[in-house]
Structure formats: structure tokens, C-alpha cells
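A.B. asks: What follows is a structure written as C-alpha cells; I'll ask about it next.
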Amino acid sequence: MRYTQEEETDIVHDTQDLRGSEKGQKRAPETDVHLLRSKRPRKCPKRYRDLSEKKIRTGTEDFFCLPEEVLAPFVKVSENLKKKFLSALRSYRQRHVVDASHVEAMLRLVCRRFHGPLSEKRIGIMDTWFTRTLCNEFPKFNKSKKKQAWSWTSLIKNYVCGVVPGRMNILGWYSDVDILYAPMSWGSDHWVALMIDLKTGKISIMDSLERANNKKAVDKIMKPIVVMLKAIVEDLVQDTNSTSPVATSFVYERLSDVSQNDQTGDCGPLSVKFIEQHSQGLGLDGISDDMVDCLRLQYALDIYEEFHQSLRG
């Protein structure tokens with residue numbers, strides 16, 4: 001069969017299009033094919049990571065820290081966690097052990113209510129992470145042979161500069177505040193309150209269950225706080241705007257005339273109540289079990305109204 005010259009040319013072009021898929025050759029683009037998306041998603045090799053997408057954590061998942069976040073990451077709170085937190089408020093009344101999140105909620109409530117008087121008295125209330133951070137850093141710091149060249153974390157530096165999550169004002173050490181109050185967890189089921197005088201170096205312990213720990217046990221528990229505070233002040237506290245003296249060492253003492261309570265779960269709300277009363281110059285004795293029942297319920301109601309919705313009107 002013979003073909004004309006025009007027909008032979010068409011056959012050659014069709015043959016080239018069919019061979020375009022062979023190795024080393026590109027297929028000729030069709031009219032609208034390049035506008036269609038591939039059905040197979042393309043994945044980057046595992047050795048690469050797309051940093052443009054930020055993974056959002058919800059609920060109780062681990063924090064996803066970004067390089068620019070030096071204090072604490074911001075996470076989206078899921079509805080399930082929110083409901084769990086609000087439902088757990090009944091633990092204030094049912095004498096369950098109050099965890100760190102609830103203690104922090106009570107502390108934020110106190111800071112909001114007494115913001116003005118606390119600032120006038122140069123008092124700062126730290127969060128639940130403060131003492132925990134010092135205790136976590138202590139083992140590595142204690143083993144280090146170059147303590148003078150120790151690299152402090154940004155979290156501790158921010159504490160000294162006065163940046164505390166959930167606080168309305170700057171709490172710079174010596175420049176804004178001279179006295180720090182902080183809750184401290186002793187073990188997994190006991191809370192105490194600390195008052196730290198940055199000028200004299202005296203740490204006062206307000207413990208609602210003193211018989212649970214003897215002096216030897218308290219020495220061991222408080223050693224990270226005493227050692228780390230001295231090192232932090234020496235290394236990080238420099239040019240301040242205050243004429244107050246700077247403590248060169250820290251020692252602790254257990255305050256007397258502190259109400260004792262043997263009931264399980266009361267130490268958390270009581271430690272916050274101790275901070276609230278002691279910062280106002282009020283005594284810590286004379287708190288009965290019935291009064292503790294009332295303050296637990298009152299804290300629960302106040303937290304719900306302050307951070308969720310009003311129950312009155």
C-alpha cells in the first residue's frame with residue numbers, strides 16, 4: 001500500500017508521540033492534561049520535613065515546640081479536655097488530690113483579684129512550673145564541673161526577667177518584686193507553699209502536713225531550690241533598678257502556727273489559701289476542716305465563673 005507524502009508525515013508524528021514515553025524522551029504535552037492534578041499524592045523523602053506546616057496539638061498530647069517559642073508553647077484546647085477540666089472541679093469538694101492544672105487555676109484567680117495590692121507590696125506569685133523546673137535542672141547542674149559557665153534555659157531566664165505565664169504584670173526580680181510566692185509539689189500527692197525573700201535569701205515553707213516529712217527529708221527536698229536560687233541570682237541577676245540588697249545565699253525554714261490538715265486532697269487548695277492570706281499579712285492558723293470544705297467549693301465556683309461563665313444574674 002502506498003501513502004501520499006502528507007499521510008506519511010502524519011504517521012511519523014503519531015509514532016513519535018507513542019515513543020515519547022520511552023526512557024530518555026519526554027511525552028508531548030496534551031491540551032488540558034497539565035491542568036489535571038495527579039491522583040497519587042507526592043510525599044517528600046523522610047529525610048526532609050516541610051517546616052511550612054505547623055502541626056497543631058490538641059488535648060493532652062505532648063507540646064510541639066517551635067524555635068521561636070522560648071517560654072511555653074501555645075496549644076489548642078480540645079472540647080473534650082475542656083469538659084474534663086470543668087467536670088474535675090468537683091474534686092475540690094470530694095477531697096480528691098488536686099493536680100497542677102487546678103492549682104494553677106486557683107493561683108491565677110488570686111493574681112487577678114489581688115493584682116493591685118501585690119504590685120504595691122512588690123510581691124510576685126510564680127506558677128506551678130517554677131519549682132518543678134528548678135528541681136528538674138538540679139541533677140545536671142549538680143554534676144556539672146563548670147557551674148559558673150552553666151547555660152540556663154530560656155524558661156529560667158524569663159522567670160528572672162519577670163515573664164510568668166498567666167500573670168498580668170511583669171515580675172522582674174529585684175526590679176519589680178522582692179518577694180516570690182510559689183507552690184511546690186512534694187512527691188505526687190502533697191503540696192506546700194513557699195515564700196522566697198530575694199533580699200534576705202530566706203525561704204519560708206507553709207506546710208499543712210508537717211508530720212509527713214522530718215527535717216532530713218525536707219533537707220533533701222529543698223536542696224534543689226536552695227542551690228539553684230543561689231546560682232541563678234549570681235549568674236542572671238545583674239543591673240537592677242532596685243536599691244535593695246541581693247541575697248548571696250538561700251536557706252529555708254518551716255513556719256510555725258500553720259493550720260494542719262490530715263484529710264486527703266486538701267493540701268492543694270490549702271497551699272493556695274496560704275499564699276493568698278500570707279501575702280496580705282494574715283495568719284495561717286485557725287483553719288478548721290469545715291472551713292476547708294467551704295474554701296474548696298468556693299475556689300471551684302470562682303474558677304468556673306472567672307474562666308467559663310457567670311452563675312449569677
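A.B. asks: Out of region 266-305, which residues are closer than 15 Å to A100 by Cα, surrounded by 20 or more Cβ atoms within 10 Å (Cβ to Cβ) and among the β-branched types (V, I, T)?
C.D. replies: Passing the criteria: only V272.
A.B. asks: Yes or no: region 179-187 includes at least one residue that is free of Cβ contacts under 8 Å to residues at least 24 places away in the same chain, under 26 Å from S259 (Cβ atoms) and surrounded by fewer than 19 Cβ atoms within 10 Å (Cβ to Cβ).
C.D. replies: Scanning region 179-187, I find at least one residue that is free of Cβ contacts under 8 Å to residues at least 24 places away in the same chain, under 26 Å from S259 (Cβ atoms) and surrounded by fewer than 19 Cβ atoms within 10 Å (Cβ to Cβ), so the answer is yes.
A.B. asks: Under 7 Å between Cβ atoms, at least 6 apart or on separate chains: pull out the pairs that start in region 277-302 with a residue that is of a type in the set (A, V, I, L, M, F, W, C) and end on any residue that is at pLDDT below 80 and buried (at least 16 other Cβ atoms within 10 Å of the Cβ).
C.D. replies: Between residues of region 277-302 that are of a type in the set (A, V, I, L, M, F, W, C) and residues that are at pLDDT below 80 and buried (at least 16 other Cβ atoms within 10 Å of the Cβ), the close pairs are L297/Y92; A300/L89; A300/Y92.
A.B. asks: Filter region 263-282 for residues that are acidic (D, E) and closer than 13 Å to P117 by Cα and give the result.
C.D. replies: E276
A.B. asks: Same structure again: Kindly provide the set of residues from region 251-289 that are in a helix (DSSP H, G or I), aliphatic (A, V, I, L, M) and closer than 22 Å to L198 by Cβ, ordered by number.
C.D. replies: V272, I275
A.B. asks: Can you tell me which residue in region 188-214 is surrounded by the fewest Cβ atoms within 10 Å (Cβ to Cβ), limited to those that are closer than 15 Å to L270 by Cβ and under 20 Å from the mean Cα position of the chain (by Cα)?
C.D. replies: Filtering region 188-214 for residues that are closer than 15 Å to L270 by Cβ and under 20 Å from the mean Cα position of the chain (by Cα), the one surrounded by the fewest Cβ atoms within 10 Å (Cβ to Cβ) comes out as D189.
A.B. asks: Let me spell it out: the conditions are (1) among the charged types (D, E, K, R); (2) without any contact (Cβ under 8 Å) to a residue 40 or more places away in the chain; (3) surrounded by 15 or more Cβ atoms within 10 Å (Cβ to Cβ), and D176 meets all of them except one. Which number is the exception?
C.D. replies: For D176, the failing item is (2).
The values are calculated or read from the model by the stated rules, or taken from the named source; none is laboratory data. The model shown is predicted, which means the values in this text are computed figures rather than measured ones. Here Cβ is always computed from backbone atoms with ideal geometry, including for glycine, and neighbour counts include all displayed protein chains.
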